[in-house]
Structure formats: structure tokens, C-alpha cells
Amino acid sequence: MWTNFPLFPERASTIAGGVDALYFFLVAVALFFSTLIFAAIFYFAIKYRRRPGVAARPIEGSLALELVWSLIPLGIVMVMFTWGAGLYFRNSAPPPDAIDIYVVGKQWMWKLQHPEGAREINELHVPVGRPVRLIMTSQDVIHSFYIPAFRIKNDVLPGRYSTVWFEATRAGEYHLFCAEYCGNQHSGMRGRVVAMEPARYEEWLAGGPAGESLAVAGERLFRRLGCTNCHLPGAGSRGPVLVGLYGKPVPLEDGKIVRAEEAYIRESILNPRAKVVAGYPAIMPTFQGQISEEGMVEIIAYIKSLRRGSE
Amino acid sequence: MPGREHYLNVSYGVKSWLLTGDHKRIALLYLGTITLFFFLGGAFAVLLRLELVTPAGDLVRAETYNKLFTMHGVIMIFFFLIPSIPAVLGNFLVPLMIGARDLAFPRINLLSWYIFLIGGLFTLGAVVTGGVDTGWTFYTPYSSAYSNTHVMATAIGVFITGFSSILTGLNFIVTIHKMRAPGLTWFRLPLFIWAHYATSLIMILGTPVVTIAILLLGLERAFHIGIFDPALGGDPVLFQHLFWFYSHPAVYIMILPGMGVISEIVTCFSRKRIFGYRFIAFASLAIAVLGFLVWGHHMFVSGQSIYAGMVFSFLSFLVAVPSAVKVFNWMATLYKGSILYQTPMLYAFGFIGLFTIGGLTGLFLATLAVDVHVHDTYFIVAHFHYIMVGGAVMAYLGGIHFWWPKITGRLYPEGWARFSALIVFLGFNLTFFPQFILGYLGMPRRYHAYPEEFQVLNVMSSAGASILGVGYLIPMIYLVWSMRYGPEAGDNPWEATGLEWTTPSPPPTENFPSTPSVEEEPYAYAPPEQEVPVG
């Protein structure tokens with residue numbers, strides 16, 4: 001068993017190096033201060049051990065010293081804060097050209113859907129060298145999507161979308177864990193991420209079960225639910241036309257402006273009165289309970305595919 | 001001193017204990033109760049570590065494992081760590097240290113023990129009838145809608161116990177404000193009292209919030225009132241906000257009193273005044289106040305806004321400063337002291353070392369980009385055990401040894417005590433240090449089974465836990481033994497300062513024959529006539 005005894009995790013994403021560099025800085029600071037403190041305690045404890053005839057010297061304190069050991073740690077932790085927050089901030093926004101992959105967590109498995117239609121369970125195939133954005137939700141309790149080799153983690157919540165992104169740098173297989181305790185088989189809710197060279201990834205996509213793409217499946221659902229009655233060009237003015245909607249700012253009735261991203265589209269389907277588009281009556285019924293999380297993903301993929309000129 | 005009447009022999013019989021108003025007897029009631037809880041919670045930990053010796057989940061079933069870690073957490077936090085130092089040592093010592101006859105409200109003090117007991121019985125009832133599997137954090141909607149274990153009984157237990165904490169905090173605050181002996185000004189108070197004052201503030205301001213959160217959780221679970229469950233229109237992250245608003249400060253409820261104990265021990269066994277008295281005192285208050293502003297650092301990956309994450313990260317880093325100030329001041333207190341290595345001092349050294357590691361690794365978790373990786377892994381488990389076990393439990397054991405002669409009138413066997421302090425220190429490090437490495441490798445916490453490459457570190461950790469367990473059993477045995485067979489301690493075996501050492505051991509029921517008055521600064525270990533010119 002000693003042959004399989006790692007002490008440091010694999011590093012396989014574009015952000016992992018930055019996180020590790022910061023980690024090493026923190027380790028260095030921690031080592032420095034713990035060594036300093038341990039050494040001082042040992043030294044004092046031995047040098048000033050009780051000896052007959054030698055009394056302790058009364059020392060009350062020192063304002064200068066107090067300032068030194070308040071301000072130096074303050075300075076150091078501010079470096080940590082700035083470094084950590086800066087990295088976190090930069091890591092939070094996915095590059096605009098990211099591939100969107102949809103993730104639905106449920107007790108106790110991960111369901112993953114590629115836009116081209118490939119579906120996977122507890123396995124995620126991704127290309128190396130291309131940013132991937134995960135749009136994640138849960139069907140039941142809170143889960144957390146964690147790939148240690150990529151140094152990314154984000155909770156996956158029921159009733160909303162959360163996103164996380166990565167770009168794999170090395171082909172290989174990596175652990176995928178659920179990191180938020182989610183009940184009985186929490187520790188079984190793991191799988192693997194397979195990072196592949198782009199050409200092999202394309203092969204893998206093409207070689208999978210011939211399924212329709214998410215957008216095509218979404219269009220069918222869109223028609224079946226009757227969304228076309230109000231939301232396609234020529235449907236009258238009952239609802240806003242959805243062509244070219246994705247990613248655009250939408251003016252709302254109350255004067256606010258919201259960007260049409262996944263979370264907004266989802267909310268507008270399940271709770272249409274929450275954000276009513278300016279100029280349209282609030283007549284849309286809720287579709288709560290009529291669409292599964294996978295179906296929602298398909299509809300959103302369809303709406304995202306409705307670009308100007310694609311009609 | 002046969003024949004002398006003191007609080008232990010003034011009356012006998014169960015009734016004289018169960019209806020007592022004496023803070024010292026109530027402290028012992030707490031001591032007995034929480035010791036039982038400690039060993040129960042410890043037994044659960046033993047089973048957890050045994051399961052984790054192998055990567056496969058083969059000793060217990062997954063649902064049993066989940067119940068074990070939940071009950072380990074619930075019992076250790078709510079029924080051992082939170083009451084440990086305040087309700088036992090604080091109860092015993094706050095009146096003695098300030099020269100009072102008792103706490104301000106003796107009957108409320110007894111009531112708080114009964115409330116604690118009732119809450120504990122509810123929780124034990126849940127354990128006995130099948131357990132609970134939500135994790136001590138009770139995250140929704142798992143706890144409110146999905147778990148089919150005894151969530152309600154446990155929640156009621158924790159809900160009830162909260163009132164015990166609130167009443168104890170209230171009692172301490174009133175007592176410290178109103179009942180100090182003549183001449184005992186705020187800046188003559190032992191730092192143990194300052195620490196308990198700060199702790200009490202957290203108890204009365206924070207506990208109601210977790211009480212409300214648990215009440216809301218119960219309402220949702222029982223009556224399907226949508227508060228946290230998105231299926232009912234609720235917000236699951238709201239629960240996390242409410243929960244951590246208390247439960248992060250609760251960490252300071254556990255560690256601040258320990259810091260108070262350490263200040264007493266370090267001064268006594270260095271024969272020196274504390275270095276930077278006011279800085280340590282105000283650092284306690286600063287930690288108590290800042291502690292209320294950092295709860296969001298538990299939610300950096302929960303979907304909280306990234307700007308909120310940055311604010312909480314910043315505020316969390318600020319807590320490092322008063323914590324560091326305390327460590328440096330204890331260190332400086334050793335300088336040019338006259339140091340004895342009695343058991344309490346060994347525990348104090350252990351505390352300072354382990355708290356330092358726990359504190360420094362806390363910085364990793366406050367650092368946003370690094371926390372994303374280590375959040376909910378064994379890194380967290382290691383970090384908070386360094387604070388709560390390496391810190392709070394070491395301080396508790398140090399304090400129990402330090403004041404044991406005062407509490408029982410007897411000395412514990414020094415050789416055994418030093419030996420077990422060493423065992424605890426070594427066992428603790430072997431148990432929890434490998435978990436830092438496991439955490440950065442990415443092993444998530446609360447995993448019943450795990451990938452094979454994590455096995456070696458897990459075996460080390462389990463081996464350490466068995467050593468640690470022995471380290472905790474030895475004091476249990478010799479302390480009980482010493483109550484009957486230990487040598488008479490005398491009033492002040494450590495030649496310590498502080499009012500509690502001026503009264504006989506064990507103290508009489510009324511604590512002091514006549515109200516003491518205080519004319520000197522605390523920790524007057526090196527009186528001016530012995531002063532050697534500093535050169």
C-alpha cells in the first residue's frame with residue numbers, strides 16, 4: 001500500500017497552479033510562525049526553568065512590542081487576503097468561449113449533459129485546453145461539485161443554478177466528489193472526470209449513443225408545453241419573442257434591467273411573476289411541477305440556440 | 001483537615017445535590033454530566049476512526065456511519081465543548097475569583113443545569129431510539145425534508161440546551177458587574193474572568209439566533225411551512241446564514257474560556273505577571289465582537305455573492321490579530337520567568353502550540369481561493385479539531401488539573417498526570433496532522449468510504465486516535481482515585497495568586513469567611529521587594 005501514497009494532489013487545470021502557489025505561501029508563513037513560537041517556548045521553558053535563588057523578573061508589558069506583534073500579523077494577513085480574494089475574483093468569471101455542460105445532482109449521482117446531446121452519469125468527459133462552464137442544479141438536497149485536481153468546488157443547490165468553470169490542462173482521469181453531505185450514500189456520490197485531447201473528445205462525442213442535441217430536445221418540449229403560442233415571432237404580442245434573448249439585458253416592468261442568463265430564464269418559467277418584462281402583461285402561467293430539471297436544461301439550451309438570423 | 005466543614009461535606013444525600021444552590025456543587029453536577037457526554041462522544045469517534053482504517057465502508061453501514069459522525073458532533077459541541085469550561089470551571093471559579101459568595105442568581109444557575117440535562121436527555125433519546133444523520137450542522141433541505149431519522153428529537157434537545165447557555169451567560173455577566181469584592185476593579189480581574197465575560201456576551205447574543213433557526217427548521221419539518229426548502233418556496237442558504245451566525249461565534253464560546261485558563265496557568269507556573277494584561281483582556285472582547293461578523297466564511301462555495309465572500313474573508317482575517325496578540329503575550333510572559341513543568345503548565349504549552357497550528361491553518365480557510373479547494377475536506381476537520389480539541393480540550397484538562405486541589409482538596413498524582421499530558425499531545429498530533437494532508441489531497445469530510453490512495457494517512461490518523469483515547473482515559477482514572485487517596489492539597493499548593501487560593505480547599509459553602517478586599521494588581525507573583533533591577 002506504500003506504493004500508492006500521495007502527499008500532494010495532481011494539478012490539472014489552469015487555475016490549480018495559482019491556488020497552489022498561494023497555498024505554498026500560506027504554508028511558508030505558517031511554518032515560519034509556528035517554528036518561531038515553538039522555538040521561543042522551548043528556549044524560554046528551558047532557559048528560565050525554576051532554579052533555586054533565581055526569581056522571576058517582573059515585566060509588565062511593552063506597548064512597542066504589542067504594536068509590533070499586532071501590526072506585522074495584520075500586514076501579513078492583508079497580503080493573504082488580497083492575494084486570495086484577487087485570485088478568487090479572477091477565477092470566478094468563466095471565459096466567454098466556454099462550453100456549457102449541464103449538471104444535475106441527485107441523491108446519489110451526478111447527471112451530466114453535453115450540449116451536443118451526450119449524457120453521462122458520474123462521469124464527465126471534457127476536452128483539454130478548452131474552458132468548460134458547468135451549469136448546475138440539484139433535484140433534491142444540497143450537493144457540492146468538487147474536482148480536487150482542478151482545485152474547484154461549488155455547491156449545487158435545489159431550486160437554482162450555480163456555475164463553476166475550469167480548463168483542464170492535462171489529459172487524464174481525476175476524482176469527482178460530492179463535497180456537501182447529502183445523506184446515506186454521500187460517499188458513494190463520486191465519479192471521475194476524463195480530460196481528453198480535443199480530437200479524442202470530438203471522437204468520443206461522435207461515438208456516443210446517437211442522441212439528439214439538447215437544443216433539439218428542448219424545442220420539442222417547448223412546443224409540447226405550448227410556449228410557442230406566445231413566445232415566437234408572429235405569435236402576437238402576448239409574450240416577448242425569445243430569439244436572440246440569451247445574454248442580452250432585459251428591461252423589466254419595475255424599471256430594473258436583468259441579464260438573460262440561465263438563472264433568469266429558469267425563474268421566469270417557474271415563477272413568471274417574479275420578473276415581468278416591461279411592456280408585456282403578467283399573464284404567463286407557472287410551469288412549476290411540469291418540467292423536470294433535465295427538461296429545464298433542454299428548454300434553456302433551446303432558448304440559447306435561438307440566435308438572430310437562425311430562424 | 002478532618003472536621004472542617006466545606007461545601008462537599010456540609011450535607012449529604014441526593015437531595016442535597018439535586019436541590020443545591022451552591023455554584024460549586026452545580027459545577028460538579030455539570031462536571032459529571034459533561035464527562036459522561038465526553039466519553040459517549042468519544043466512543044462514537046472511536047467507531048468512526050475504526051471504520052476509516054480501510055477504504056471500503058465495511059465496519060458499519062453508511063447510514064450508521066452518518067449517524068455516528070452526526071452524534072459525535074452534536075454531543076461534543078452542544079453537550080461537551082460549549083458547557084465545558086464555562087459551566088464547570090467558570091461556575092466554580094467566577095464567584096471565588098471575584099470574592100463573591102455565589103453567582104448572582106443561584107437558583108437560575110441550578111435551573112440552567114436542569115435545562116441542560118433535559119436537552120441532553122432529548123438528544124440521548126434520539127441516539128438510543130435510532131439516531132440522527134444530518135450532521136451537527138443540520139443543513140436544509142436535507143434535515144427538514146429528506147432525512148428520515150430523529151431530527152426533531154435532536155433539534156428539540158439542542159433548542160432546549162440553548163436556554164441553559166443563555167442563563168449561564170446572563171448569570172456570569174450580572175455577577176461580574178455587580179458582585180466583585182471591594183477593590184476588585186475591572187483591571188484587577190483575573191483574565192479568566194475577562195474571558196468568561198466575553199464568552200457570556202456571545203452566549204446571550206448568539207444563542208437565540210441558533211435557537212430560532214432550529215425552531216424554524218422544526219416548523220418546516222413538522223408543518224411544511226416553507227422557510228428553507230425550495231420545494232416549499234424557501235431558501236436553503238438562509239438556514240446556513242442563521243446557523244453560522246451562532247455557530248461561528250460558538251467556536252469562540254469554546255476557545256475564549258480556554259484562553260482564560262491558559263492565562264492563569266502560564267502566570268502561576270512562570271511566577272510572573274502576565275505580559276500585556278490589557279491587551280489580552282481587550283483581545284478577548286475583540287474576538288467576541290469580530291466573531292459575530294465572520295459567519296459567511298463558512299459559505300464561500302455555497303453560491304453566496306463573490307463580493308460577500310470578499311467581505312467575510314477580510315473580516316475573518318482580522319480575527320487573526322487578537323488571537324496572535326494572545327499567543328505572543330503568553331510567550332513573552334515566559335521570558336525571564338521561573339518556570340515549573342507541572343501538569344497544568346504542560347497542558348498550557350500544549351494549548352499554545354496546538355492553538356497556534358489551529359489558528360495558522362485557519363488563515364488558509366479565510367483565504368478565498370484556497371478555501372474553495374479545501375472547504376468541506378479533511379483540512380477543515382483537522383483545523384477545527386486543532387482549535388477545539390488541541391485548544392479547548394487541552395485548556396479544559398489543564399484547568400481541571402490546576403484547580404483540582406481547590407475543587408476536591410486533594411492532589412492528583414503528578415507523574416501519571418504528566419505522562420498522560422504527553423500521551424494526549426502526541427496522540428492528538430498523530431490523529432489530526434495527517435488530516436491536513438488528506439484535506440489538501442481532496443478527501444471530502446463525512447465520507448464513509450474513500451479512494452484507496454488515502455488509506456495510509458487514514459491509518460495514521462486512526463492509530464493516533466487510539467493513543468489519544470488512552471491519554472483521556474488515564475486522567476479519568478487517577479482523578480477519581482485522587483478524590484479518595486490523593487494527598488491533602490492545602491489551600492494553595494501552587495502558591496498562586498488570586499482570591500480563590502486564599503480560601504480553604506475545598507472552600508466552605510459561603511466561599512469566604514468574610515468578604516475579601518483586593519489591594520493589588522492581578523498576578524502579583526513577583527512582589528516589588530524581590531524585584532531585581534532589570535539590566
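The values are calculated or read from the model by the stated rules, or taken from the named source; none is laboratory data. Predicted, not measured: the structure shown is a model, and the values here were computed from it. Ideal geometry is used to build each Cβ from the backbone, glycine not excepted, and the neighbour counts take in all protein chains shown.
General remarks:
- With respect to (1) among the small types (Gly, Ala, Ser); (2) in a helix (DSSP H, G or I); (3) at the interface with chain A (Cβ under 7 Å from one of its Cβ atoms), the lone exception for residue B:350 is condition (3).
- Qualifying positions in region A:185-230 - exposed (fewer than 15 other Cβ atoms within 10 Å of the Cβ) and among the small types (Gly, Ala, Ser): A:199, A:206, A:207, A:210, A:211, A:226
- Matching residues in region A:162-175 - criterion: being closer than 24 Å to residue A:266 by Cβ, crowded, with 22+ Cβ neighbours inside 10 Å and more than 9 Å from chain B (Cβ to nearest Cβ): A:165, A:166
- Listed by position, the strands (runs of 3 or more DSSP E) enclosed by region A:41-132 that each have at least 2 residues that are hydrophobic (A, V, I, L, M, F, W, C) and touching a strand residue (DSSP E or B) at 6+ places or on another chain (Cβ under 7 Å) are A:99-106, A:109-113, A:123-127.
- Within region B:202-217, considering residues that are farther than 23 Å from residue B:287 by Cβ and in contact (Cβ under 8 Å) with a residue 60 or more places away in the chain, the one surrounded by the fewest Cβ atoms within 10 Å (Cβ to Cβ): B:214
- Among the residues of region A:150-160, the ones that are in contact (Cβ under 8 Å) with a residue 24 or more places away in the chain and either charged (D, E, K, R) or buried (at least 24 other Cβ atoms within 10 Å of the Cβ) (or both) come to 6 in all.
- Residue within region B:253-261 that is part of a helix (DSSP H, G or I), at the interface with chain A (Cβ under 10 Å from one of its Cβ atoms), more than 27 Å from residue A:161 (Cα to Cα) and in contact (Cβ under 8 Å) with a residue 40 or more places away in the chain present: no
- Qualifying residue in region B:430-450 (condition: of a type outside the set (Asp, Glu), away from chain A (no Cβ under 14 Å) and crowded, with 19+ Cβ neighbours inside 10 Å): yes
- Matching entry among A:289, A:279 (being at pLDDT below 90, assigned to a loop (DSSP other than H, G, I, E, B) and either of a type in the set (S, T, N, Q) or farther than 23 Å from residue A:136 by Cβ (or both)): A:279
- Here residue B:268 meets the list (1) surrounded by fewer than 24 Cβ atoms within 10 Å (Cβ to Cβ); (2) more than 9 Å from chain A (Cβ to nearest Cβ); (3) closer than 25 Å to residue B:383 by Cα; (4) hydrophobic (A, V, I, L, M, F, W, C) almost entirely, failing just condition (3).
Okay, residues lined up against (1) surrounded by fewer than 17 Cβ atoms within 10 Å (Cβ to Cβ); (2) in the same structural domain as residue A:176 (by TED's automatic domain parsing); (3) polar (S, T, N, Q):
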position: A:52; (1), (2), (3): yes, no, no
position: A:70; (1), (2), (3): no, no, yes
position: A:126; (1), (2), (3): no, yes, no
position: A:135; (1), (2), (3): no, yes, no
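- Qualifying residue in region B:397-407 (condition: more than 10 Å from every other protein chain (Cβ to nearest Cβ) and closer than 30 Å to residue A:151 by Cα): no
- Filtered residues of region A:76-102 (kept if farther than 25 Å from residue A:161 by Cα and among the hydrophobic types (A, V, I, L, M, F, W, C)): A:76, A:77, A:78, A:79, A:80, A:81, A:83
- Complete set of residues in region B:397-441 that are polar (S, T, N, Q) and closer than 15 Å to residue B:351 by Cα: B:420, B:429
- You will find that of B:533, B:507, B:516, the residue that is at pLDDT 95 or above, part of a loop (DSSP other than H, G, I, E, B) and over 30 Å from residue B:427 (Cβ atoms) is B:507 and no other.
- If you check A:179, A:195 for being touching a residue at least 40 places away in the same chain (Cβ under 8 Å) and touching a Lys or Arg at 6+ places or on another chain (Cβ under 9 Å), only one passes: A:195.
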